[in-house]
Amino acid sequence: MGVKLDPWGHYAIEDYVKLLAEFGIHPIDEVLGSLPRKHMYFERRVIFGHRDFNLWLDALKHGEKVAVLTGFMPSGRPHLGTAMVYEELRFLQSLGAHVKIVIADAEAYIVRREERSDVVKRGVDFIAHAIAWGIDPEKAEFYYQTAMDNEYYRLIQMFSRKISMAEMEAIYGELTPGKIVASLTQAADILHLQLDKYGGYRHVVVPVGADQDPHLRLTRDLADRFEQELGLKRPSSIYHKLLRGLDGNKMSKSRPEFAIHLDDDPDLAEKKLLNALTGGRATADEQRRLGGEPWKCSIYELYVYHLVGDDSELREVYDECVTGRVLCGQCKRRAVERLKRRLIEHQERYREVLSSGIVDKVLRKPSF
Ligand code: TRP
Ligand code: SF4
């Protein structure tokens, strides 16, 4: 097997097409025609693959109850990669899906070995930013893994009985007791809301980065094995490309200078952008002659993922780059202007969210 996906790994994924073939993730193109509304992430293949998303769209079309669930590990602060997931949730909510966001504090404690008090503190911020991004808290639920009750935790115990070590190793490679617990906990996240206690059956879609697919394969198997006993059904999933850091590597909390955080001071964000890796040539002369290489450029990636909503305008940015009509200095300054405006507006809403006290009302927090 060429690629192994590790949900706890620290690498950037190079080849998304290969992923589709090797793991049986389906190309997103086959469902684009069934989306009730367009969204730039689908149009641009930022969301590049899916499992059973067609079934979710069918359920939506037939007026059945649908939900979207995803989780955030509260290590570090929310950044533009986190915001991509907010944007997916916001869009699916606007189509009629109930939103559920889990703060993976148990996972951060177990696998990332974070201090318990730190992860609990930081979880609040992930929810405040989600609401500031436009997720309607009236049509959403937010919880910490460790704030859940018996029925959720009993799922983890039940799951452990119907999966073998060999099956787990085939999915994850090398395991530790902690990784086993974290994986089964994530399966409980994805499946629990089908239980009557948590609202009853809804078709669930899970938007995640492709590195999380092992968890979905496990969860699908578990759903099959508990269909009779608990009435669980397989979730659908959609996969987005990971926004890389401003140096072209995976965005990571250990290199904050290469990530734009949603609470970064706009002037700091400007500095980071001005230092970012581009697809520009060694000299201005050369770039005028040969054009830039936007496919290598972290600034272009920001345009695609966040800064330009209009497709023809994006085309223009691309054309100006590859023909050498616009050089990186000018192109970066345009990106800076847009980004600063976005950050200022977002941070204003974020402060309103915090002062409104809404997060305390809607977030199910652990009591210890
Ligand atoms: N493992 C995910 C991460 O590393 C977080 C997570 C926990 C999650 N539970 C989930 C994601 C359920 C999707 C669905 O970020
Ligand atoms: Fe990137 Fe813009 Fe330079 Fe092209 S011109 S390489 S898109 S910064």
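The values are calculated or read from the model by the stated rules, or taken from the named source; none is laboratory data. Since the model is a prediction, treat every value here as computed from it, not as a measurement. When we count neighbours, we look across all protein chains shown, and the Cβ atoms used for this are built from the backbone with ideal geometry, even at glycine. Ligands, DNA and RNA are excluded from the accessible area calculation, which covers all protein heavy atoms including side chains. Shrake-Rupley method; radii C 1.70, N 1.55, O 1.52, S 1.80 Å.
Which value, in Å² and to the nearest 10, is the accessible area of Leu175 when all protein chains are kept and the probe is 1.4 Å?
The accessible area comes out at roughly 30 Å².
If amide hydrogens are placed 1.01 Å from N in the peptide plane, which non-local residues have theirs closer than 5 Å to the one on His98?
Placed amide hydrogens put Val66, Ala67, Val68 under 5 Å from His98.
For segment 46-181, just say rounded, prolate or oblate: build the C-alpha gyration tensor, square-root its eigenvalues into a ≥ b ≥ c, call rounded for a/c under 1.5, and beyond that prolate if a/b exceeds b/c, oblate if not.
Cα axes put segment 46-181 in the oblate bin.
So what does Tyr201 come to for accessible area, using a 1.4 Å probe and Å² rounded to 10?
90
Could you rank Val326, Val362 by how accessible they are, 1.4 Å probe, largest area first?
The ranking, largest first, comes out as Val362, Val326.
Could you work out the per residue convex hull volume over the alpha carbons of segment 295-368, in cubic angstrom?
Per-residue hull volume (Cα only) is 144 Å³.
Label points 7 Å out from Cα along the Cβ direction at Trp8 and Arg116: separation in nm?
For Trp8 paired with Arg116, the spin-label model returns 1.9 nm.
Helix-only estimate, please: 222 nm mean residue ellipticity of the chain, summing -39500 (n - 2.57) across DSSP H runs of length 4 or more and dividing by its residues, to the nearest 500.
Here the helix-only value at 222 nm equals -14500 deg cm²/dmol.
Mind pulling up the Rg/Rh value for the chain? Radius of gyration and Kirkwood radius, both on Cα.
Over the Cα atoms of the chain, Rg/Rh equals 0.97.
Can you list residues whose amide H is under 5 Å from Met73's amide H, if they're 5+ apart or on another chain and H is modeled 1.01 Å from N?
The answer is Ala104.
Once you've got the Cα coordinates, tell me which of Lys179/Lys296; Lys272/Lys296; Lys241/Lys361 are over 26 Å apart.
Pairs exceeding 26 Å: Lys179/Lys296; Lys241/Lys361.
For Arg325 and Ala170, calculate 0.36 nm times their separation in residues minus their Cα-Cα distance, and state this gained length in nm to one decimal.
Here the answer is 50.7 nm.
Report, in degrees rounded to the nearest 10, the 0 to 90 angle that the Cα long axis of helix 311-322 makes with the longest principal axis of the chain.
Approximately 50 degrees, to the nearest ten.
Starting with the highest mean, order 57-66, 103-112 by the number of other Cβ atoms within 10 Å, averaged over the residues of each peptide.
The packing order, highest mean first, is 103-112, 57-66.
Once the Cα atoms of segment 256-351 are picked out, what are the Rg and Dmax in Å?
Values for segment 256-351 (Cα only, Rg and Dmax): 13.8, 47 Å.
Just to confirm a number: summing +1 for Lys and Arg and -1 for Asp and Glu over residues other than Phe226 whose beta-carbon lies under 12 angstrom from that of Phe226, what do you get?
Summing Lys/Arg as +1 and Asp/Glu as -1 gives +3.
Using Cα-Cα distances under 8 Å and only pairs 6 or more residues apart, what relative contact order does segment 254-324 have, in percent?
Relative contact order of segment 254-324: 29 percent.
Any idea of Glu313's accessible area? Nearest 10 Å², probe 1.4 Å.
Roll a 1.4 Å probe over it and Glu313 shows about 70 Å².
As I understand it, the value is the acute angle between the Cα axis of helix 328-356 and the longest principal axis of the Cα atoms of the chain; what does it come to in degrees, rounded to 10?
40
Among all the aspartates and glutamates, which ones have a C-alpha under 19 Å from Lys65's C-alpha, if same-chain residues fewer than 8 places away are not counted?
Reachable aspartates and glutamates: Asp52, Glu88, Asp136, Glu138, Glu141, Asp189, Asp196, Glu227.
For segment 93-166, what class follows from the C-alpha gyration tensor (a ≥ b ≥ c being the square roots of its eigenvalues): rounded when a/c is under 1.5, otherwise prolate if a/b is larger than b/c, else oblate?
oblate
Probe radius 1.4 Å, ligands and nucleic acids ignored: give me the carbon and sulfur share of the accessible area of segment 181-304 as a rounded percent.
The computed percentage sits at 48.
Would you mind checking the tilt of helix 116-133 against the longest principal axis of the Cα atoms of the chain, expressed as 0 to 90 degrees and rounded to 10?
60
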